[in-house]
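The values are calculated or read from the model by the stated rules, or taken from the named source; none is laboratory data. On a predicted model such as this, the values are computed, not experimentally measured, just so you know. Reconstructed Cβ throughout: ideal geometry from the backbone, glycine too, with neighbour counts over all protein chains shown.
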Amino acid sequence: MKKGILLLTLCSGIFFSSCASNAVNKSQVQTGTQVRGEWTLSDVNYVGLKANESVSRVFDLASPACYEGSTWSLNQNTKKGNYTFNNYNAECPTGTAEIMWNINQTGDATYFTFKDVTGIKAKQNTAGYQLRIDYVDATSMKLVQDVNFEGKIIQVVYTFHK
């Protein structure tokens, strides 16, 4: 009897520890309720680059530094949103981009996906961007984008605050 209880306890422990994950899963994101709202992109960092290296473009538009200070508005009901550039560097774009966004689960990871629909219908743009949700709560969010840099995959880390 004691061996049976010990075996059951051991198996339960292995099962529950194998189910544990550090990744943010879709239920933790509450299907967009934590992602929705008004966000400011406060910081962009890199993982996998040397100090003197930088990524020239993200989202097929501008350097990551141009996105620092941008404001993102995400409506959960319509999955529409926009982001506005607020970096006044002469090399950075100005204006607002209209987007369609969603939350997708792939394996253990949850992704924020979006595509630019500025001036077009959503179905006219079949390309988009996928950023892994590394962390999200009521006031902060960290998204990670895998980017090909000189033949190797590095990560661009975007930190947002409400």
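Pairing each residue of region 70-85 that is touching a residue at least 60 places away in the same chain (Cβ under 8 Å) and under 18 Å from Ile120 (Cα atoms) with any residue that is surrounded by fewer than 20 Cβ atoms within 10 Å (Cβ to Cβ) and of a type in the set (Gly, Ala, Ser), provided the two are 6+ apart or on different chains, yields no C-beta distance under 7 Å.
Filtering region 62-80 to residues that are among the small types (Gly, Ala, Ser) and either modelled with pLDDT of 95 or more or not in a strand (DSSP E or B) (or both) leaves Ser63, Ala65, Gly69, Ser70, Ser73.
Go through the residues of region 39-59 one by one and say whether even a single one is among the polar types (S, T, N, Q) and touching a Pro at 6+ places or on another chain (Cβ under 8 Å).
First pass over region 39-59, keeping only residues among the polar types (S, T, N, Q): 40, 42, 45, 52, 54, 56.
Filter once more, so that each one left must be touching a Pro at 6+ places or on another chain (Cβ under 8 Å): 54.
Yes, region 39-59 contains a residue that is among the polar types (S, T, N, Q) and touching a Pro at 6+ places or on another chain (Cβ under 8 Å).
Scanning region 110-162 for residues that are surrounded by 13 or more Cβ atoms within 10 Å (Cβ to Cβ), of a type in the set (Val, Ile, Thr), in contact with an Asp or Glu (Cβ under 6 Å, 6 or more places away or on another chain) and part of a strand (DSSP E or B) gives Val144, Thr159.
Of the candidates Ser27, Ser42, Ser56, the single residue that is in a helix (DSSP H, G or I) and either surrounded by fewer than 15 Cβ atoms within 10 Å (Cβ to Cβ) or at pLDDT 90 or above (or both) is Ser27.
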